[in-house]
Amino acid sequence: MTHAEAASRAAFLSSELHRHNRLYYVEARPEISDQQFDLLLKELQEIEAKFPDLQTPDSPTLRVGGAPLEGFTQITHTVRMMSLDNTYSEEELSAFFARVQKGLGREKVECVIEPKVDGVAITVRYENGVLKYGATRGDGQTGDDVTNNLKTIKRLPLRLPKDGPQTFEVRGEVFMSKAGFAKLNQEREEAGEATFANPRNSTAGTLKLLDPKIVAKRPLDIVFYGLAEASDVESQNEVYALLDAAGLRKADLIWQADSAEGLLQAIRELDEKRKSLPYETDGAVIKVNSFVDQRELGVTSKAPRWAIAYKYQPEQAETKLLAIDIQVGRTGALTPVARLVPVLVSGSTVSNATLHNYEEIERKDIRVGDTVIIEKAGEIIPAVVSVKKELRSGDESTVAAPTHCPVCGTAVHKDEEQVVIRCPNPHCPEVVKRRIEHFVSRGAMDISGLGEAVIAQLVDFKKADGSRLVADVADIYDMDELSLARLDRVGTKSIDNYLKAISSSKQQDPWRLVFGLGILHVGAGGARKLIEHFGGIDAIAKASVEELMQCPDIGEIVAVSIHAWFREANNITLLDRLRAGGLNFTQKAVEAASDKLNGTTWVITGTLSQDRETIADTIRANGGKVSGSVSGKTTYLLAGEDAGSKLDKATKLGVKIVNEAEFRAML
Ligand code: IVH
């Protein structure tokens, strides 16, 4: 490919990718599948890799993250980014409207009401149809240039449609949806990483990252509500029209009102509806619609007189703090947890709340015996927000950060930022329990039946020589009937089931084993990518940091963590024992593709030699379809050992049933 050919192909791909992005995010009528989109993107990436000068500032490849920065440069805002005055009461809102009426000297004043999105304020500038820069509010005069991070937000156009406005600066809010935040936190927990307290913190933390490749993996989104400077636009309603014409997302709900009563009705309706919005909202923003009116009303030193934020009371409750317990995590993190007198908040009974860390306890001066205010915002775990110090009797007691692990007594270790306190003892029984719970969990090795109570017994049971029955995950595979018979309240039937589940877990896909090992920063997704890239655990173990970083989705921090894990003596022994125990260390090649199963639909049930996903991949690779439930459309039921209700249903419906040997023969 010559440079000229590459340039013309890159321009074509780029314009197609912008068009498909718009069809998906703005017009909600995609023409191609995600895979087809990814193929176009990949082709453009390959061209840009060969001819780096062809990467334009609006290239769709920047969505996956450009080069990391050393630090953010500052941008001086063209127009100051102000904040809003807040109110928490309907009376104050009516008083605001009365001031507006008085200021304008008339009764009727058109206003708009929008949700107040709980995210991070942002300004975005477009010039000649191309995204020029984006910046945070900072001190209102200058903010951080976070352009590269913003470019990863798929909903944010990098290039504008030709038939709309081309040069302007818009103001909005970057946020994480409730669902995106929940998923991110779950993944972080699985990877042994600290979780975020709420979507806003998580958004702010993400925008501050210097590596856009990491930002690209976080579920950031954006919504706009205003213009930095009004040129030919004369009202807030015209701003909405401009946003629509540019393909920029505006608020999902907007009310119009011209009286105090109308405003109150709108904020009450919004309070009803905001629970079903995809993002967190902490209030309503009320703005005078006409820009002529806005200019007439003017601004104070920090906020406009033509707008106000009406904040909803977060759902709070008052209760007594009974104790502060220490929770020991899989990575040894010691997290303080508040035990509370049970209380009803947002429809559910709360008896525990997170205290995040000991610094927070000190900062808020939280003591055992205190009357505390707890809050449950959105889907998020309840937190202690404040203490009613005036209700103290003097019997309350302070709780100091532990200097030693409460379980094994080892001196604690503080992380670099001095926030997380950890028990550094890899043999701490509590840490061992958490590690085993993770190893056997559904998302990892999926050894059903081995619940918390059984695991606790297995770890706590000391043999005659003083060693534990189970001290690491490899010990699980050394267990037999005799060792399990020592547990309390475990009958022979359960023992049999445990042993079966343990034995069949040996066949699990190797990515499940990699995930189950609990390597810091390696979640289920990362483990899959590692196995896909390296083919097996031994190749991962041998890889250098550089080689690990060749694997998609594995950045330097993760690579360093994996590299270190496989070089620790304890872990090397552990792996040797797991290998000797017969666990599956290499990805079995999927049967060569064919069209032998074209036109057939399969349901898989029972215990088979490979896990269901692997078999499903084989079926799909050979042209078949896989479904989760038996119906009239099912062609074959592939039934392994212990098949249950699906087998019954298939028999009833007359679906053809095949065993694994017959299935393999068909290929
Ligand atoms: S209008 C002069 N509208 O709330 C500032 N702000 O407390 C005009 N916010 O800095 C802001 N949703 O970050 C406006 N629909 C909305 C908003 C909104 C969230 C944020 C914004 C602003 C802060 C003010």
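Observations
- Conditions (1) more than 15 Å from the ligand (Cβ to nearest atom); (2) surrounded by fewer than 23 Cβ atoms within 10 Å (Cβ to Cβ); (3) touching a residue at least 12 places away in the same chain (Cβ under 8 Å); number of the one not met by K102: (3)
- Flag for E318 being of a type in the set (D, E), over 23 Å from R274 (Cβ atoms), open to solvent by 20 Å² or more (accessible area, probe 1.4 Å) and not in a strand (DSSP E or B): no
- When residues in the stretch 305-327 are screened for being modelled with pLDDT under 95 and within 16 Å of the ligand (Cβ to nearest atom), 3 of them pass.
- Condition check for A251: in contact with a helix residue (DSSP H, G or I) (Cβ under 6 Å, 6 or more places away or on another chain) and within 16 Å of the ligand (Cβ to nearest atom): no
- Residue, surrounded by the fewest Cβ atoms within 10 Å (Cβ to Cβ), within the stretch 208-248, restricted to residues that are over 30 Å from V64 (Cβ atoms) and away from the ligand (no atom under 16 Å from the Cβ): D232
- The residue that is farthest from the chain's Cα centre (by Cα), counting only those in the stretch 61-104 that are hydroxyl-bearing (S, T, Y) and within 24 Å of D282 (Cα to Cα), is S94.
- Filtering the stretch 105-119 to residues that are at negative phi and surrounded by fewer than 22 Cβ atoms within 10 Å (Cβ to Cβ) leaves R106, E107, K108, V109, E110, D118.
- Meets criteria (at negative phi, within 11 Å of the ligand (Cβ to nearest atom) and open to solvent by less than 60 Å² (accessible area, probe 1.4 Å)) for V285: yes
- Summed over the stretch 88-99, residues that are open to solvent by less than 60 Å² (accessible area, probe 1.4 Å), out of contact with any Phe, Trp or Tyr (no Cβ under 6 Å at 6 or more places or on another chain) and within 16 Å of the ligand (Cβ to nearest atom) total 1.
- Of all the listed residues (S290, S259, S301, S276), the sole one being modelled with pLDDT under 90 and more than 15 Å from the ligand (Cβ to nearest atom) is S276.
- All positions within the stretch 642-667 that are surrounded by 13 or more Cβ atoms within 10 Å (Cβ to Cβ) and assigned to a strand (DSSP E or B): I657, V658
- Selection within the stretch 160-171: residues that are in contact (Cβ under 8 Å) with a residue 60 or more places away in the chain and not acidic (D, E). The member of this set that is farthest from M81 (Cα to Cα) is P161.
- Taking the criterion of being open to solvent by less than 10 Å² (accessible area, probe 1.4 Å) and within 9 Å of the ligand (Cβ to nearest atom), the only residue of the stretch 120-129 that qualifies is I122.
- Yes/no for S8 being at pLDDT 95 or above, polar (S, T, N, Q) and open to solvent by 50 Å² or more (accessible area, probe 1.4 Å): yes
- Selection over the stretch 614-662 of residues that are of a type outside the set (A, V, I, L, M) and either without any contact (Cβ under 8 Å) to a residue 12 or more places away in the chain or within 20 Å of K500 (Cβ to Cβ) (or both) gives a count of 15.
- Those strands (runs of 3 or more DSSP E) lying entirely in the stretch 197-301 with at least 2 residues under 25 Å from the mean Cα position of the chain (by Cα): 220-227, 281-288
- Pairs with Cβ under 6 Å, 6+ apart, first in the stretch 190-213 and at positive phi, second in a loop (DSSP other than H, G, I, E, B) and crowded, with 16+ Cβ neighbours inside 10 Å: G192/R330; G192/T331; G192/L520
- Pairs where the first residue, in the stretch 64-87, is within 16 Å of the ligand (Cβ to nearest atom) and the second is open to solvent by 80 Å² or more (accessible area, probe 1.4 Å), C-beta under 7 Å, 6+ apart: H77/Q141; T78/E229; V79/E229; R80/Q141; M81/R137; M82/K302; S83/K302
- Any hit, the stretch 160-172, residues being within 16 Å of the ligand (Cβ to nearest atom), within 24 Å of the chain's Cα centre (by Cα), closer than 26 Å to L207 by Cβ and modelled with pLDDT of 95 or more: yes
- Looking only at the stretch 1-34, residues that are part of a helix (DSSP H, G or I) and either touching a strand residue (DSSP E or B) at 6+ places or on another chain (Cβ under 7 Å) or closer than 20 Å to P157 by Cα (or both) come to 17 in all.
- Exactly one residue out of K493, K506, K542 is of a type in the set (D, E, K, R) and in contact (Cβ under 8 Å) with a residue 60 or more places away in the chain: that is K506.
- Members of the stretch 595-620 that are surrounded by fewer than 17 Cβ atoms within 10 Å (Cβ to Cβ), modelled with pLDDT of 85 or more and of a type in the set (G, A, S): G599
- Out of V26, V64, one residue alone is at pLDDT below 90, within 20 Å of Y126 (Cα to Cα) and of a type in the set (V, I, T). It is V26.
- Candidates are the residues of the stretch 130-148 that are within 13 Å of the ligand (Cβ to nearest atom) and open to solvent by 10 Å² or more (accessible area, probe 1.4 Å); the one that is farthest from G247 (Cα to Cα) is D139.
The values are calculated or read from the model by the stated rules, or taken from the named source; none is laboratory data. Just so we're clear, the structure is a prediction, and the values are computed from it rather than from any experiment. Heads up, the Cβs are rebuilt from the backbone with ideal geometry, glycines too, and the neighbour counts pull from every protein chain shown. Protein only, heavy atoms only, side chains kept; ligands, DNA and RNA dropped before computing areas. Shrake-Rupley method; radii C 1.70, N 1.55, O 1.52, S 1.80 Å.
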